[in-house]
Amino acid sequence: MSRRYFSSNSIVLLVVIGVLKTKPITPLKHLLTYVLLLMLEGVCLAQTSLGVSDLSVPTKIAPAYFGPNAFPVPDMMTGRTSSEWKLEVYADNFINSTYGPSEEYTANAFVRLTAPLFTDRVNLVIWGPLVEYFRIGDKICKDRRIDSTSPVSRTISGDIYISTDFMLLTQERHGIDISVRTALKSASGNDYSNARYYDNAGYFFDAAFGRKFTLIPDRSDLSIAASGGFLCWQTDNGRQNDAVMYGLKASYRYKGISISTEYSGYVGWERDGDSPMTLKTSLSSRHGDFVLSIGHQVGFIDWPFHQFRFGISYIIRRQ
């Protein structure tokens, strides 16, 4: 346990030191340092021991034993950061593909804000399901060891994620786009007793490599990207689950119409319900500063859900 803790803390701390030692000190570097220190605090929180470790006892703190928003597969990066502010609002509906909608149904309002931090190459991104409504039946309650003898339905709040995204290399100068991301999950989600959210912090680091191929100048292009990373969350018996993240993505754009497909997931070391795999497909249409989109996500292995998404985005042009 101590070896993994040292490695995770050191990565964030070395980045903080590097930012502080780089001259000149600008407002951007002050802000980056502040965000990184907050993430370091979250890393330490996520690694606080909760008790005596017992590796022989499965924790059941994993995607297969919770609702769809407790341990989601993060959306991939494409290798680039955004030069514009962007506010996205989505309505999500989840149906459990194993038990059916009569046993588990979830709906939520999802919001994501992307903000460039004084430069196009650094973004602050905040996202999460702000409000969730769920309904679960008797069989779900029994299989997830929920202390209820009747169906449960209610409205609760969800977890919030915050990340700092850095674009390291650009295709224009280096032939490939490369970006890295450090992200922290809050412990704001409610209703652990009904297996909706797990009441502890988590974090992840990942990198994405992408390239765009122009098919028709100014009209049509094809983009591909691959990603990998490390994701961690605290379990309930004094240890943490570490997971390897992976992903592949392809996007096609013709004028204002875009379609994308993403295959992504992660594999935890406990190997007990902690290896979700998903396939996400989305279609979007841009109209001026607004983007309308629909999407579908299907989960495999340890994320047994179908997600249907409808959303609108507003892009704030920078002067």
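Candidates in region 147-164 are the residues that are of a type in the set (D, E, K, R) and in a loop (DSSP other than H, G, I, E, B); of these, the one that is surrounded by the most Cβ atoms within 10 Å (Cβ to Cβ) is Asp159. Residue pairs whose Cβ atoms lie under 6 Å apart, sitting 6 or more positions apart in sequence or on different chains, and linking a residue in region 263-281 that is more than 17 Å from Gly295 (Cα to Cα) and touching a residue at least 12 places away in the same chain (Cβ under 8 Å) to a partner that is among the charged types (D, E, K, R) and surrounded by fewer than 21 Cβ atoms within 10 Å (Cβ to Cβ), are Trp269/Asp242.
Of the residues making up region 73-104, those that are within 18 Å of Val298 (Cβ to Cβ), buried (at least 18 other Cβ atoms within 10 Å of the Cβ) and in contact with a Phe, Trp or Tyr (Cβ under 8 Å, 6 or more places away or on another chain) are Val73, Pro74, Tyr90, Asp92, Phe94, Ile95, Asn96, Glu104. Being without any contact (Cβ under 8 Å) to a residue 40 or more places away in the chain and either more than 30 Å from Ile257 (Cα to Cα) or touching a Phe, Trp or Tyr at 6+ places or on another chain (Cβ under 6 Å) (or both) is the filter here, so list the residues in region 192-220 that pass it. Those that are without any contact (Cβ under 8 Å) to a residue 40 or more places away in the chain and either more than 30 Å from Ile257 (Cα to Cα) or touching a Phe, Trp or Tyr at 6+ places or on another chain (Cβ under 6 Å) (or both): Tyr192, Asp199, Ser220. Of the residues Ile126, Ile176, Ile160, only one is of a type in the set (A, V, I, L, M, F, W, C), free of Cβ contacts under 8 Å to residues at least 40 places away in the same chain and either in contact with a Gly (Cβ under 8 Å, 6 or more places away or on another chain) or over 30 Å from Phe308 (Cβ atoms) (or both); which? None of the other options fit; the residue is Ile160.
For the residues Phe110, Phe94, Phe134, Phe118, the requirement of being in contact with a His (Cβ under 9 Å, 6 or more places away or on another chain) and of a type in the set (A, V, I, L, M, F, W, C) singles out Phe94. The numbered conditions (1) within 15 Å of Ile176 (Cα to Cα); (2) surrounded by fewer than 17 Cβ atoms within 10 Å (Cβ to Cβ); (3) under 22 Å from the mean Cα position of the chain (by Cα) are all true for Val244 except (1).
Which one of these is surrounded by 15 or more Cβ atoms within 10 Å (Cβ to Cβ), touching an Asp or Glu at 6+ places or on another chain (Cβ under 7 Å), modelled with pLDDT under 95 and among the small types (Gly, Ala, Ser): Gly238, Gly273, Gly229, Gly210? After ruling out the rest, the residue left standing is Gly273.
Under the condition of being under 16 Å from the mean Cα position of the chain (by Cα) and small (Gly, Ala, Ser), the residues counted in region 194-241 number 8. Looking only at residues that are surrounded by fewer than 16 Cβ atoms within 10 Å (Cβ to Cβ) and aliphatic (A, V, I, L, M) in region 123-140, which one is nearest to Tyr161 (Cα to Cα)? Here the answer is Ile126. When residues in region 165-206 are screened for being surrounded by 16 or more Cβ atoms within 10 Å (Cβ to Cβ), of a type in the set (Asp, Glu) and outside any loop (DSSP other than H, G, I, E, B), 3 of them pass.
Here Gly311 fulfils each of the conditions (1) free of Cβ contacts under 8 Å to residues at least 40 places away in the same chain; (2) assigned to a strand (DSSP E or B) apart from (1).
Filtered by the rule that a residue be part of a strand (DSSP E or B) and at positive phi, region 288-308 gives a lone residue, Ile301.
Every residue, every condition in (1) touching a strand residue (DSSP E or B) at 6+ places or on another chain (Cβ under 8 Å); (2) in a loop (DSSP other than H, G, I, E, B); (3) among the charged types (D, E, K, R); (4) modelled with pLDDT under 50, yes or no:
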| site | (1), (2), (3), (4) |
| --- | --- |
| Tyr5 | no, no, no, yes |
| His30 | no, no, no, yes |
| Glu41 | no, no, yes, yes |
| Leu50 | yes, yes, no, yes |
| Val89 | yes, no, no, no |
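The values are calculated or read from the model by the stated rules, or taken from the named source; none is laboratory data. Note that the structure is predicted; figures quoted are calculated from it, not measured. Backbone-built Cβ (ideal geometry, glycine too); neighbour counts: all protein chains shown.
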